[in-house]
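Okay, so here's the structure we're looking at.
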Amino acid sequence: MSLGYAEKLSYREDVGTVGMPEIFDTPELIQNKIEELADMVQKSKHLVVFTGAGISTSSGIPDFRGPKGVWTLHRAGKGVPNASLPFHRAVPSLTHMALVELERAGILKFIISQNVDSLHLRSGFPREKLSELHGNSFKEICPCCKTEYLRDFEIETIGLKDTPRRCSGKNCGARLKDTVLDWEDALPPEEMNSAMEHCRSADLVLCLGTSLQITPACNMPLMSIKNGGRVAIVNLQATPKDKKASLVIHGLVDKVITGVMTKLNLRIPPYVRTDLVRITLRHSLKKKCVRWTLRVTSIHGLRAPLPFIQSIEVSFPERPDMKSVELKEQPFSLQRETSMNRSFFMLLKLNFTDGCSCLSSSIGWPVDFQKQKDSFVRDKTLVIPELQCAAEHESCSGQQEILERESLPRAETAIHAIVTNVVRYDMGNDKISLPRDKGVNCSSSNSGKRNISGCYPAAPKKLKYFLKDEKLNC
């Protein structure tokens, strides 16, 4: 799948210097520099990290100015390169997860990112400690109340344009806008101001995987120097700011950060991805029968895609008279007529797409049209971290938990959180993902409480996720 963001940008002749040769420090030199960088990080009081496309190349997302970068190939007339995975299924790199651990350890105070791939947020890095200067391909914003909506699909437009959706805030309803800048768009003031403030306060700004060519963002790290701070750069190519940096390392970012984390005696946490799905069962009376409709959709609405689900197998284990079916087209929907007086158990097997570390997960749904179930809303800030901790300790994905259920006389809606990917990062071999061909499946219909130690609590975030009209900080 091509990098849609680059294809949507307006044409621009001057995109800076591209195709510069990559430079690799010798193994002995890079080891000495890693030790120096680790010492700088350990002694810092206000560390700020400035990231570019180079930290996402190991996630399968092309950079822009490297030998095979987007603008390099574009200038050569070769078009936009392909990503190794669909944009929405890209997994945070080892460096992304290392930054999460540095923040949890109290060392890293702020990240300034030029990337639009959403991998910092996907990694679990706190939104309030992140400035996304160029926007986020998976985020919409309400221009009136400033509420942000993080989606599990790529937003259709760029250039701060209107999207098809509206704000769900009470007394608002304004048309949402995408957040990704086009060439002529100015940096968003909120993101720029917080970035500049932290650069001025920083005693160390660590630049990772960036050519430092795009203004005005590229000048921000130098603000720390004016106040007595230092700048360190890790990049495979020379940058215009190298001469002003206290340390320049030419090496793979993941390798350098692995060395730094080892020196600091810090682990790199696994990446656990959780996706949300809405299941709705509506019914109406028809003489002695019940006509019912099952829908499995995104929490973002009926028209929003479920990019992690390939198909859904619906079966009725206790009712051989009811035919099983596989739903292959979105929005997933099934209509049936059954007896009013006979209850049944419905099993939904969600078959996942490529990019998930397990093949499927199953959700059980008991149905009795003569009894109305209880409605409830669980604390997502507790349930989701607990679910992710379980996946980490069990070393598999596919676990799911119900977050919310609403029961009405003619309808029942439930929202489930499902672990769709677990990636572990080896300090010597980058990332190790669970293989799909083993068919790992830790699905359950109702998992109960787990007592798990050693897991991190959920960090508070400014970014909001939405279930119905409720604001989630998850």
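The protection proxy used here, the mean number of other Cβ atoms lying within 10 Å of each residue, ranks peptides 113-119, 88-94, 389-395 as follows, highest first: 113-119, 88-94, 389-395.
Straight-line cross-link partners of residue 328 among the aspartates and glutamates, defined as a Cα under 13 Å from its Cα and at least 8 positions apart when in the same chain: 313.
Compactness of region 272-423, taken as the C-alpha radius of gyration over 2.2 N^0.38 Å, stands at 1.07. Our estimate of slack between residue 313 and residue 262, defined as 0.36 nm per intervening residue step minus the Cα-Cα distance, is 13.8 nm. Mind giving me the FRET efficiency for residue 285 and residue 174? R0 is 56 Å, r the Cβ-Cβ distance, nearest 0.05 is fine. E between residue 285 and residue 174, to the nearest 0.05, is 0.90. For region 121-207, averaging the sequence separation of C-alpha pairs within contact (under 8 Å, six or more residues apart) and dividing by the residue count gives a relative contact order of 28 percent. When a/c reaches 1.5 or more, the comparison of a/b and b/c decides; with that in mind, is region 169-277 rounded, prolate or oblate per its Cα gyration tensor? Taking the square roots of the gyration eigenvalues as a ≥ b ≥ c, region 169-277 is oblate.
Are any of the pairs 177/241; 43/109; 286/323; 139/255 more than 23 Å apart by Cα-Cα distance, and if so, which? Checking Cα-Cα distances, 177/241; 139/255 exceed 23 Å. Within region 224-342, DSSP assigns beta bridges of which about 90% are antiparallel (rounded to the nearest 5). Straight-line cross-link partners of residue 373 among the aspartates and glutamates, defined as a Cα under 19 Å from its Cα and at least 8 positions apart when in the same chain: 401, 404, 406, 412. For trypsin sites (Lys or Arg not before Pro), the sites in region 287-316 that DSSP calls loop and that have at most 16 other Cβ atoms within 10 Å are 287, 288, 303.
When all protein chains stay in place and ligands, DNA and RNA are ignored, the 1.4 Å accessible-area order of 61, 107, largest first, is 107, 61. A simple spin-label model places pseudo-atoms 7 Å from Cα toward Cβ; at residue 242 and residue 345 they are separated by 6.6 nm. Roughly to the nearest percent, how much of the accessible area of region 272-423 is carbon and sulfur, given a 1.4 Å probe? The computed percentage sits at 48. Annotation for residue 374 and residue 322: the two label points, set 7 Å from Cα along the Cα-Cβ direction, are 2.4 nm apart.
Each residue, residue 36 and residue 293, gets one label point 7 Å from its Cα in the Cβ direction; the gap between the two is 6.7 nm.
Expressed as a whole percent, the accessible area of region 116-179 that falls on carbon and sulfur atoms is 52 (1.4 Å probe).
Peptides 318-330, 180-192, 210-222 ranked from most to least packed give 210-222, 180-192, 318-330, packing being the mean of other C-beta atoms within 10 angstrom over each peptide's residues.
Per residue, the accessible area of region 272-423 comes to 45 Å², computed with a 1.4 Å probe over protein heavy atoms only.
The values are calculated or read from the model by the stated rules, or taken from the named source; none is laboratory data. Fair warning: this is a prediction, and the values are worked out from it, not measured in the lab. As a convention, Cβ positions derive from the backbone with ideal geometry for all residues, glycine included, and neighbour counts pool all protein chains shown. Just so you know, the surface numbers come from the protein's heavy atoms only, side chains and all, with ligands and any DNA or RNA stripped out. Shrake-Rupley method; radii C 1.70, N 1.55, O 1.52, S 1.80 Å.
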